[in-house]
Amino acid sequence: MKAILLADIGQLLTLRSSAPGPRRGAALSEPGIIEDASVLCIGGKIVSVGKTKDALRDPWLKKNRKKVVEIDCAGRVVLPGFVDSHTHPVFTHPRLVDFEKRIGGASYEEITEAGGGIRSSIQGVRQASEASLAEKVLSALRDMANCGTTTVEAKSGYGLDLDSEVKSLEAIRQATGQWPGTVVPTFLGAHLVPPEYRGRSQAYVELVCNEMIPAIAKRKLARFVDVFCDRGAFSADETAKIFRAAAEHELGVRAHMGQLSETRLGQFLQFRPASLDHMDHVNEADLPALAASHTVATFVPGANYFLGLSRYPNARKFIAAGVAVALATDYNPGSSPTLSMPMAMSLAATQMKMSPAEAITAATINGAWALRLADRKGSIEPGKDADLAVFDVKDYREIPYWFGANHCTLTILSGITIGFVSA
Ligand SMILES: [Zn+2]
């Protein structure tokens, strides 16, 4: 792997932190900008960060210039590769009938009741081969990298039986091996009670706890266990039970929380969830305890947008309370078919009143915290992985501003470059 020098960067958003822990409150608004900057990466790691004129005086660089790939950024914006901390990439087909039904006025739950929704994705995954699923995942990862994403959390959760969940996680592992970025696999067996367990959710929860989690932990197929804790999915007690089983097998936990209805959060914080995601419906009295924890609240406004909701999570209340917030795409075929973190950031800005700086912090360093990878990911600092995105804009605020367009021209994933910077 050749050393890389990114030079003549107009705005370099380092996202370096002065305080430990995820960013909260006013610290969300500090992208740590260096103008006329350069970044030197060697062996897949960031080695130095500073002004271009200082980098060119570096004795190592002077001596080794011929061995270094120099990329002239021509005044463009460079930031840490996005950390998309919530995606569901293991599925076979888009849900176009659901899409049209929803346009016609059907609700999320009405679509599920009619046999659409998650159930139609389950059928697809159960019938698919591991290789064909791996191909779908890899294609999504490549598209994500084209939009500036370098780290992706990838959930199973459309198999919902032991074999299909293992197959889904194996597909993620297979795709990961062919992609230079970083993938964090999550087991989401508790996505929905599958049709064959209808009315017997307790029995399904026992299957998840006593068979699936042990099998997945043994094969090291996941780093986290996720639960869809909501009306129509899994109760708070069931969620706690699954968290306990995950902890027994030394797996981290995270949950879909408050998408459709409110659940009190206090009962879960003892399990130290890395992240609680969606958070549309939350009891404000729970925010101080959440703020005092290392649990990140991850917003996925793409789902609100695609479901045509007028209501979005109240990001300002979370930020004012001191909660660490992150942003993710929630890439999935039912409620958020987008791979684009800039789109999620644009929605955060226009619909949730997060500033461009807050949105970028939430999409980078706080996303890394939500995956417990902040020691390696989410900021541009010496010693961290060489994960960077170059955007063909002069001002970072243009990234959420030009919504629906992709201005990412080059992505570097652990020191491997993809894309093209034109002169
Ligand atoms: Zn989700």
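The table for this structure:
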quantity	calculated
Test: residue in region 147-169 that is assigned to a helix (DSSP H, G or I), away from the ligand (no atom under 16 Å from the Cβ), touching a residue at least 24 places away in the same chain (Cβ under 8 Å) and out of contact with any helix residue (DSSP H, G or I) (no Cβ under 7 Å at 6 or more places or on another chain)	no
Number of positions in region 170-194 that are part of a loop (DSSP other than H, G, I, E, B) and farther than 19 Å from Ala363 by Cα	8
Enumeration of residues in region 309-334 that are within 16 Å of the ligand (Cβ to nearest atom) and crowded, with 23+ Cβ neighbours inside 10 Å	Pro313, Ala326, Leu327, Ala328, Thr329, Asp330, Tyr331, Asn332, Gly334
Out of Arg102, Arg142, Arg119, sole residue that is at negative phi, modelled with pLDDT of 95 or more and not in a loop (DSSP other than H, G, I, E, B)	Arg142
Whichever residue in region 88-113 is touching a Gly at 6+ places or on another chain (Cβ under 8 Å) and of a type in the set (Phe, Trp, Tyr) and, among such residues, is surrounded by the fewest Cβ atoms within 10 Å (Cβ to Cβ)	Tyr108
Answer from Phe271, Phe306 - the residue that is of a type in the set (Phe, Trp, Tyr), within 16 Å of the ligand (Cβ to nearest atom) and surrounded by 16 or more Cβ atoms within 10 Å (Cβ to Cβ)	Phe306
Every pair of residues 6+ apart whose Cβ atoms lie under 6 Å, when the first sits in region 305-332 and is more than 19 Å from His294 (Cα to Cα) while the second is in a helix (DSSP H, G or I) and within 15 Å of the ligand (Cβ to nearest atom)	Tyr312/Pro301; Tyr312/Asn304; Thr329/Gly302; Thr329/Ala344; Asp330/Gly302; Asp330/Ala303
Residue among Arg223, Arg198 that is surrounded by fewer than 23 Cβ atoms within 10 Å (Cβ to Cβ), more than 16 Å from the ligand (Cβ to nearest atom), at pLDDT below 95 and closer than 30 Å to Leu265 by Cα	Arg198
Single condition His281 does not satisfy, out of (1) surrounded by fewer than 18 Cβ atoms within 10 Å (Cβ to Cβ); (2) within 16 Å of the ligand (Cβ to nearest atom); (3) in contact (Cβ under 8 Å) with a residue 60 or more places away in the chain	(3)
From the options Ala349, Ala344, residue that is buried (at least 18 other Cβ atoms within 10 Å of the Cβ), touching a residue at least 40 places away in the same chain (Cβ under 8 Å) and over 12 Å from the mean Cα position of the chain (by Cα)	Ala349
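Okay, residues lined up against (1) in a strand (DSSP E or B); (2) among the polar types (S, T, N, Q); (3) crowded, with 19+ Cβ neighbours inside 10 Å:
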site: Ile4; (1), (2), (3): yes, no, yes
site: Arg16; (1), (2), (3): no, no, no
site: Pro20; (1), (2), (3): no, no, no
site: Ala27; (1), (2), (3): no, no, no
site: Glu35; (1), (2), (3): yes, no, no
site: Ser48; (1), (2), (3): yes, yes, no
site: Lys53; (1), (2), (3): no, no, no
site: Trp60; (1), (2), (3): no, no, no
site: Asn64; (1), (2), (3): no, yes, no
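The values are calculated or read from the model by the stated rules, or taken from the named source; none is laboratory data. Values in this document were obtained by computation on a predicted structure and should not be read as measured data. Backbone-built Cβ (ideal geometry, glycine too); neighbour counts: all protein chains shown.
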